[in-house]
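First the structure, in the form of structure tokens, and then the observations on it.
The values are calculated or read from the model by the stated rules, or taken from the named source; none is laboratory data. Computed from a predicted model, the values in this text were never measured in an experiment. For neighbour counting, all protein chains shown are included, and Cβ atoms are generated from backbone atoms with ideal geometry for every residue, glycine included. Side chains are part of the model used for accessible areas, which takes the heavy atoms of the whole protein and leaves out ligands, DNA and RNA. Shrake-Rupley method; radii C 1.70, N 1.55, O 1.52, S 1.80 Å.
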Amino acid sequence: MASDDIAQLADALSKTHVGDGDLSYKGLGLKLDNAESVEELVREIELYKDLRALRLEGNTLGVEAAQAIAKALKSKDQLQRCYWSDMFTGRLRSEIPIALRSLGSAIMSAGARLTELDLSDNAFGPDGVKGIEQLLRSPSCHTLRELRLNNCGMGIGGGKILAEALTECHKESSALGAPLRLRVFVAGRNRLENEGASALAKAFKFIGSLEEVHMPQNGINYSGVVALALAMQHNPELRVLNLNDNTFSKRGTLAMAQALRVLRNIQVINFGDCLVRSEGAIALAAVLTEGLPILKELNLSFGEITEAAALVVAQAVVDKPHMEKVDLNGNCLGEEGCEALREAMENMDKGDMLASLSDDEGEPDEEEEDDDDDDDDDDASDECNEDHEDDYEIVKENGVTRKEDSPTKPQCSVEESDPNKAADIFLKIASLYNEEPENKAAVLEGKLYILWGKNPNQWMSELSIWRICSVFQGEGKMKKVPLVSGQLLCLEHAVQQDYFSLHHVSLLHTFVSNEALKSCSSARERLHSALEKTCNNQH
């Protein structure tokens, strides 16, 4: 080794941080190619009696250098934390697994019990995962609490190998009476896609102890998101969920909303740039209203969310005492929608909570909202079901009338999961309404009661209410229909009934001042008055 290289290494090592069991060479930019180049470093490791943490990030290790360091680590049974990110810059891809196996074997030989392992920013691909596979399966990782593999290019194959290793680790540790209790998992920017994410989801189900999951920018679509959503339900202590820049679409978002219903400890949700869209935002807002009591941050940016849905989200966060930030930037609110959202947050004294809206995409054109391959079931077709005809008998004060006496109405069944059909049926019922006593009774006490009053949990939801209002506005894929006063007057009646919850009243109240309702100003005023009265009676 040249004298000037030795001098440079000595100078770098003089900046080494030593203390509290932590030996750090972080960010020194050392080019460590062979055993000679790490002589001083190895000596320091050997002399450090109770080494608990070794920081090598920001340097570059060749195979020989790694093997020399590994030799020194074989006697370090107290080692717990390995911070080895960005450690192979400029190295051949084929070198990295060899170096990792050497280091892992040394840890296993020493009988060390790791709690943290960080190998982020090492572009080692699937072969790199093979380099740490045996370490992850070994007793040295039975105590692992944090695993960070961000930006490693693992791909689908690496994700599967990692999932199998973690599953085996949990299985073996459980057999010994001390199951793996992994808390933090970080694997962003790894091209895991659906197969890799689904494989990891299976491992997460077994582990059940996750508190933070960070998997942004992995090319995961709805099937992978659904798998992760199911897995998250098995991790009740989850606090942070970051899936930014994957593609949820409708099915993925609804599955994730369902998972969040049982997760009471969530503090940070990052679904930015995930194409949750308006319907997904409404579903998430419903979960916010019902649960997530200690949520602090919600990121739904760049999700093709429209004004109406954004306002529903704003309404949902108002009663969250720990809420600090709501990010709805980069959506499709339009200039007026951005102003309406800011005003709504200010009126609720939550203006400081709202992130910037500087990158709003503007109101969407009707053609812009393309269907995903999993969103082809959104049409509101009118498939009639004769088996449900009896559900539409019209009840009057003097008993049951014959169906022929009532206003004509298609007999359609509604599935709980299809808010489009529930909204469509309401609009058809309400369009028949007028102030004639017989018609009024038939529609309000008959058809409307049967639709909402008999089974409110099945047919009434945030999504169906939002769909009704979206039709009035012509938002997204919902074709705008001519507004008739009967629709608003039916809502006026419904909001005063026991089956119409206060939350749904608040949700509807958000839409009443919309420009789209001006054509029926009298009916709108009656509805607004009923909403105000209902809200006041509840407080």
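Before moving on, here are some points about what is shown:
- Seen through its C-alpha gyration tensor, with square-root eigenvalues sorted a ≥ b ≥ c, the stretch 74-224 comes out oblate because a/c lies at 1.5 or above while a/b is not bigger than b/c.
- Computed label-point distance, nm, for sites Arg264 and Asp498 using a 7 Å Cα→Cβ extension: 2.8 nm
- Peptides 314-321, 158-165 ranked from most to least packed, by the mean per-residue count of other Cβ atoms within 10 Å: 158-165, 314-321.
- Using a cutoff of 8 angstrom between alpha carbon atoms and counting only pairs six or more residues apart, the relative contact order for the stretch 247-362 works out to 24 percent.
- Over the stretch 247-362, the ratio between the Cα radius of gyration and 2.2 N^0.38 Å evaluates to 0.95.
- Take the Cα of Lys296, step 7 Å toward its Cβ, do the same at Glu343, and the gap between the two points is 3.3 nm.
- Protein heavy-atom accessible surface, 1.4 Å probe, per residue over the stretch 247-362: 37 Å².
- For the stretch 189-240, GluC sites (Glu not before Pro) are listed when DSSP marks them as loop and at most 16 other Cβ atoms sit within 10 Å of their Cβ; the list is Glu237.
- Under 5 Å, built H, 5+ apart or other chain: amide partners of Leu354: Val326
- Distance between modelled label sites at Ala178 and Arg52, nm, 7 Å Cα→Cβ extension: 1.6 nm
- Share of carbon and sulfur in the accessible heavy-atom surface of the stretch 247-362 [1.4 Å probe, %]: 40 percent
- From most to least packed by mean Cβ count within 10 Å, the peptides 243-255, 141-153 give 243-255, 141-153.
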